[in-house]
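Right, one structure below, let's go through it.
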Amino acid sequence: MITPLRVGFVTGATPDKWARHWRERHREPLELVPVTESEQEHLLRGGSLDMCLVRLPIDRDGMHCVRLYDEVPVVVAGREHLLAAADPEVTTADLADEQLVMPHASGWRPDVEQLDWPEMTPREAIETVAAGTGVVVVPMSVARLFQRKDVVTRVVADLEPSTIALAWRVERDDETTQAFVGITRGRGANSSR
């Protein structure tokens, strides 16, 4: 029995195109495993995953890491929030007086004193802001994944984008791993490194 290549993907990442190309070109099975940002590195280092589409930053010690694409940061607020009337883009200055739900997600915090929010998943954070409490800053892919009719999304123009990368342990760098890396880098079926 052939062991599947286990590739994790963090919330919001979309591995479908690469998985389709893998299945067209390789007989080894591919298993896609959804992971959260908080567990992405732990599962990869622990060997539960062979590779993972991670949201940077991660500790790169003992890891190979190939940057794939950047994600635009957006703020999500309830439909009745003032941001609903704002332009498609806002700045952190526009958010300076807001209570930020899930503040660790963006790396940015407003200057006002923040409530001590319990640990939340992105879905729970968006449900919280839909109820009219605070705002949350997340990558656009996460906001789209959990899109609801009772929230609005605005690009935060002055925040740095987040980055999705493919990571794997140095000791896992074999032919199968490099074949998947090649697919994510756009190599054709007959091309080589």
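Tell me, yes or no, whether region 81-102 has at least one residue that is surrounded by fewer than 21 Cβ atoms within 10 Å (Cβ to Cβ), under 15 Å from the mean Cα position of the chain (by Cα) and either in a helix (DSSP H, G or I) or not assigned by TED's automatic domain parsing to the domain that holds Gly12 (or both).
no
Might you let me know whether region 115-127 holds any residue that is at pLDDT 90 or above and under 24 Å from Arg67 (Cα atoms)?
Yes, region 115-127 contains a residue that is at pLDDT 90 or above and under 24 Å from Arg67 (Cα atoms).
More than 23 Å from His104 (Cα to Cα), of a type in the set (Lys, Arg) and either modelled with pLDDT of 95 or more or within 11 Å of the chain's Cα centre (by Cα) (or both) - does that describe any residue in region 45-55?
No, there is no match, as no residue in region 45-55 is more than 23 Å from His104 (Cα to Cα), of a type in the set (Lys, Arg) and either modelled with pLDDT of 95 or more or within 11 Å of the chain's Cα centre (by Cα) (or both).
Looking at region 15-32 only, could you name the residues that are surrounded by 14 or more Cβ atoms within 10 Å (Cβ to Cβ) and either assigned by TED's automatic domain parsing to the domain that holds Arg123 or under 30 Å from Gly107 (Cβ atoms) (or both)?
The answer is Pro15, Trp18, Ala19, Leu32.
Of the residues in region 1-45, how many are in contact (Cβ under 8 Å) with a residue 40 or more places away in the chain and among the hydroxyl-bearing types (Ser, Thr, Tyr)?
Here the count works out to 3.
Starting from region 46-71, take each residue that is farther than 14 Å from Arg172 by Cα and list its partners that are loosely packed, with under 15 Cβ neighbours inside 10 Å, counting only C-beta distances under 6 angstrom and pairs at least six apart or across chains.
From residues that are farther than 14 Å from Arg172 by Cα, the pairs are Asp70/Pro161; Glu71/Pro161.
Which of the residues that make up region 1-11 are touching an Asp or Glu at 6+ places or on another chain (Cβ under 9 Å) and farther than 11 Å from Val35 by Cβ?
Hits for region 1-11 are Ile2, Thr3, Pro4, Leu5.
This table checks each residue for (1) over 13 Å from the mean Cα position of the chain (by Cα); (2) more than 16 Å from Glu89 (Cα to Cα); (3) crowded, with 18+ Cβ neighbours inside 10 Å.
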site: His104; (1), (2), (3): yes, yes, no
site: Arg109; (1), (2), (3): yes, yes, no
site: Glu113; (1), (2), (3): yes, yes, no
site: Pro118; (1), (2), (3): yes, yes, no
site: Val135; (1), (2), (3): yes, no, yes
site: Phe146; (1), (2), (3): no, yes, yes
site: Val151; (1), (2), (3): yes, no, yes
site: Leu159; (1), (2), (3): yes, no, yes
site: Asp174; (1), (2), (3): yes, yes, no
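Would you pick out the residues in region 65-80 that are exposed (fewer than 13 other Cβ atoms within 10 Å of the Cβ) and either among the aliphatic types (A, V, I, L, M) or in a loop (DSSP other than H, G, I, E, B) (or both)?
Scanning region 65-80 gives Val66, Glu80.
Would you confirm, using the coordinates I've provided, whether Gly132 is among the small types (Gly, Ala, Ser) and either at pLDDT 95 or above or in contact with a His (Cβ under 8 Å, 6 or more places away or on another chain) (or both)?
Answer is yes for this residue.
Would you call Arg144 of a type in the set (D, E, K, R) and in contact with a strand residue (DSSP E or B) (Cβ under 6 Å, 6 or more places away or on another chain)?
Answer is no for this residue.
The values are calculated or read from the model by the stated rules, or taken from the named source; none is laboratory data. Bear in mind that the values here come from a model prediction, so they are computed numbers and not experimental data. Here Cβ is always computed from backbone atoms with ideal geometry, including for glycine, and neighbour counts include all displayed protein chains.
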